[in-house]
Number of protein chains: 2
Amino acid sequence: MRDVSIIGIGQTEVGEHWGKSLRHLAGDAVLAAMRDAGVERADALYVGNMLSGELNGQEHLGALIADFVGLRGIEAVKVEAACGSGAAAVRMGYLAVASGLLDVVIVVGVEKMTDQKGPVTTASLAMAADAEYEVVNGVSFVSLNALLMQRYMHEYGVRHEDFAGFPINAHKNAATNPYAMFRKPISLETFKRARMVAAPINLMDSSPVADGAAAVVLAPSDVARKFQPLSVRIIGSANATDALAVHDRRDPLFLSAAALSAQKAYRQAGIGPNDVDFFELHDAFSITAALSLEAAGFAERGRGVYLAKDGEITLGGRIPICTFGGLKARGHPVGATGVYQVVEAVLQLRHQAGPNQVKNARIGMTQNIGGSGATVITHILAAEG
Amino acid sequence: MRDVSIIGIGQTEVGEHWGKSLRHLAGDAVLAAMRDAGVERADALYVGNMLSGELNGQEHLGALIADFVGLRGIEAVKVEAACGSGAAAVRMGYLAVASGLLDVVIVVGVEKMTDQKGPVTTASLAMAADAEYEVVNGVSFVSLNALLMQRYMHEYGVRHEDFAGFPINAHKNAATNPYAMFRKPISLETFKRARMVAAPINLMDSSPVADGAAAVVLAPSDVARKFQPLSVRIIGSANATDALAVHDRRDPLFLSAAALSAQKAYRQAGIGPNDVDFFELHDAFSITAALSLEAAGFAERGRGVYLAKDGEITLGGRIPICTFGGLKARGHPVGATGVYQVVEAVLQLRHQAGPNQVKNARIGMTQNIGGSGATVITHILAAEG
């Protein structure tokens, strides 16, 4: 294998883009990333997307988007791993460049979710869970996560308001991110008064349905500097899985795929959790953030929630998370999220994060989760400066 | 990069599998391929599938199938490129092993299409075309191809019955393939009397909607023989694209992505069309077979159809195609087809094709097409004996 670096990044604002189709959103992100990288061509385009068939009546996004951005002819496919599709596509791009067979690979994550009515989107998102054993019995994706949160609170004696630090941190960071969906801080009071979605998950525990696209350009590390003086190296990349159905897991409160994925990435990078300066985790729900911190080695079992409560996840804390707002406040266009995380990590490592900058950030980790923890893709990135 | 070989193959019968769910079909193929390879573990599972969301209410197939076959924890994703999804997944597996980062990678193509009513399947298949510029105007996937066939007949002065050789050859070869959906020969008379689907495409010009799964196990060539004495090497692999919408193409009667994909694969393999002993092409419709032969360099423009008419595509002909029945008669479970093609090519190169054997087959080519030619993946395989 050869080392791989990120030489360009691009993103669209996350929100309700009723005036732009899926190809336009993806195109905006790809073209921004190409401009940033200073490239006019590429060998391949890998698209991370979960629900274009169900919500947009369109499969075959690879060829569609490649042509739309002026790259007709190049290799192109879509990669899907539910809400982990974005980072799964990044990993495919990483493997392709690492192989030596492709040089410049663009990865775009895109999802357009707000054209459909709520029940259609809810039913589609449930396709991340087991259709024949979970969904057939009536669970939605949020109700599955509500069971996990309820169990966590019961097992560890945690109160619901102990989770408030997660959305408060996310919204605070999103306030200064021009690409975020919800650019306003929230208070503990907002959290307590939020409407219930599926008890105990309330509106402030939940990331929003959204439209958006983010893209990265990958190239071999040995030529990356020719394109981009601020290139960022991928020093760890891993994809690991677990049972799709929550009831099939050995311990539903331990995200074993997240742990395995993080361990593989740490091993490849030759580092451990203490070397990570910030962690873009997958806060689809507050409970997911807590479980991710535990699985990735930043907290003991049952203690992840206290990192939020004690302020250790803020920009100046021990392990900053969701530095641009996370899924909760930047927004969660599902197949795009994993690429947004990588784009944001690159901004941190380039020291271009403005008011959101984590001081002296040298190593960042991203972790994108598909379903309620069945596919987890971890990347560890390092500044090359 | 390092060289990659195929050390195991598996397939299910193609047909209407109402008694088996998608995971069972995929599982049968994966376990057969693992037994054939003599492996009990793998580093990753890549799933080729187009329509599991639309037709089976299930995304996130990577983790689902990995767990179902006893490989819980390994890297897994779904790869989609419409009807080219199967070979697109094979190519991802190829790149992953070539990178040196993964050793044993299983690729399974699976599609379960017959649980839904016809209109749902037809609408879902149309997602391979451009939703906003083609489908919105009323085209289905077969009507798009009917336009191409009509134009071909007009441009080159070809009669409809000149295409009959394609399905006649396919059905003849399927008759002795225990995995084929339609195991009976057809005559010219059958072809002429077949019901019209979308003029001029009749039922015998059309591959059937079907359920099925096929799998391959990939490993580095330098250790392949340890697993499998009859390993087959991938000497060329390429994915190329074209505009998704037919009206956007420079010349609708030339499959430029097929030509580009074939040229890239030929170049990598260091061979040309004359070196290819058989060609598993994508005969979704008779017209597609003719256009593929032309784009891949086996016939001049407008002459592909005569290879069928003159019998040059039969097992003993100049360039045998669809040696186990092709999409037309083996059946076309869309996301699985590209893997079936590779499995069949391996059987030929191992000289395990029984009555379907192409004599002295040493080099075989497979070409899997997404949409009406927008994504084309070509593989060239060589016997290592």
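Table for the structure above
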read-out: Ascending list, in nanometres, of distances separating the B:GLY70 label from those of the other copies (7 Å, Cα toward Cβ); value: 5.3
read-out: Most mobile of B:VAL158, B:VAL343, B:VAL110 in a GNM of chain B (Cα contacts under 10 Å); value: B:VAL158
read-out: Position A:ARG250, label points 7 Å along Cα→Cβ, spacing to each other copy in nm (shortest first, one decimal); value: 5.7
read-out: Neighbourhood net charge (13 Å Cβ-Cβ; Lys/Arg +1, Asp/Glu -1) for A:LYS264; value: 0
read-out: Under the Karplus curve 6.51 cos²θ - 1.76 cosθ + 1.60, θ = phi - 60°, whole-Hz ³J(HN,Hα) for segment B:133-149, x wherever Gly or Pro sits; value: 10, 10, 5, 4, 8, x, 6, 9, 5, 6, 5, 4, 5, 5, 4, 5, 5
read-out: Whole-Å distance, taken between Cα centres, linking segment B:188-224 and segment A:326-345; value: 40
read-out: Sorted by Cβ density within 10 Å, fewest first, the residues A:LEU293, B:LEU71, B:LEU125; value: B:LEU71, B:LEU125, A:LEU293
read-out: Segment B:353-385-segment B:3-23 distance, computed between alpha-carbon centres (Å); value: 17
read-out: Net dipole in debye of the protein assembly as shown [+1 Lys, Arg Cβ; -1 Asp, Glu Cβ; about Cα centre; nearest 20]; value: 400
read-out: Other-chain or far-sequence residues with amide H under 5 Å of B:GLY48's (modelled H); value: B:VAL79, B:VAL108, B:GLY109, B:VAL110
read-out: Net charge dipole size for segment A:230-291 [Lys, Arg +1 and Asp, Glu -1 on Cβ; Debye, nearest 20]; value: 240
read-out: Pair A:LYS20, B:MET1: separation of 7 Å Cα→Cβ label points (nm); value: 3.4
read-out: Cα-based shape type of segment B:261-385, given that a ≥ b ≥ c are square roots of the gyration tensor eigenvalues and the cut on a/c is 1.5; value: rounded
read-out: Gaussian network model of chain B, springs between alpha carbon atoms under 10 Å - residue of B:ALA240, B:ALA194, B:ALA299 with greatest fluctuation; value: B:ALA194
read-out: Most positive-pole-ward Cα, B:GLY138, B:TYR266, B:VAL107, against dipole of chain B from beta carbon charges; value: B:TYR266
read-out: Label spacing, shortest first and in nm, from A:ASN274 to its equivalents in the remaining copies (7 angstrom along Cα→Cβ); value: 6.8
read-out: Positive dipole terminus of segment B:231-364, leading residue within B:LEU347, B:ALA308, B:ILE287 (C-beta point charges); value: B:LEU347
read-out: About the Cα centre, charge dipole magnitude for segment A:1-89 (Lys/Arg +1, Asp/Glu -1 at Cβ), debye; value: 160
read-out: Shielding by partners - mean other protein chain Cβ count within 10 Å, residues of A:252-258; value: 1
read-out: Rounded to whole Hz, the Karplus (6.51, -1.76, 1.60) HN-Hα couplings of segment A:43-54, x for glycine and proline; value: 8, 7, 10, 10, 10, x, 7, 9, 10, 5, x, 5
read-out: GNM flexibility winner over chain A from A:GLU300, A:GLU54, A:GLU312 (Cα, springs under 10 Å); value: A:GLU300
read-out: Residue order, fewest to most surrounding Cβ atoms within 10 angstrom, among A:ARG41, A:ARG249; value: A:ARG41, A:ARG249
read-out: Residues with amide H under 5 Å from that of A:GLY8, placed H, sequence gap 5 or more; value: A:VAL217
read-out: Near-label residues of segment B:242-276 by backbone N, under 12 Å of a point 7 Å along Cα→Cβ of B:ARG318; value: B:274
read-out: Within-11-Å neighbourhood charge of B:SER292 [Cβ basis; K, R +1; D, E -1]; value: -3
read-out: Efficiency of FRET between B:GLU161 and A:VAL136 - r from beta-carbon atoms, R0 56 angstrom, step 0.05; value: 0.70
read-out: Degrees separating the helix A:165-174 axis from the principal Cα axis of chain A, which is the longest one; value: 30
read-out: Average partner coverage of A:235-246, which counts Cβ from other chains inside 10 Å; value: 5
read-out: Extension gain (nm, one decimal) between B:LEU203 and B:GLU189, 0.36 nm per residue minus Cα-Cα; value: 3.7 nm
read-out: Separation of alpha-carbon centers, segment A:264-322 and segment B:31-63, rounded to whole Å; value: 31
read-out: Nonlocal amide H pairs with A:CYS83, under 5 Å, H built at 1.01 Å; value: A:GLY371
read-out: Ranked list, fewest to most other Cβ atoms within 10 Å of each Cβ, for A:LYS20, B:LYS117; value: B:LYS117, A:LYS20
read-out: Efficiency of FRET between B:MET196 and B:PHE254 - r from beta-carbon atoms, R0 35 angstrom, step 0.05; value: 0.85
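Each reported figure results from applying straightforward, stated rules to the coordinates on display, with no laboratory input. Source: prediction; values computed, not measured. When we count neighbours, we look across all protein chains shown, and the Cβ atoms used for this are built from the backbone with ideal geometry, even at glycine.
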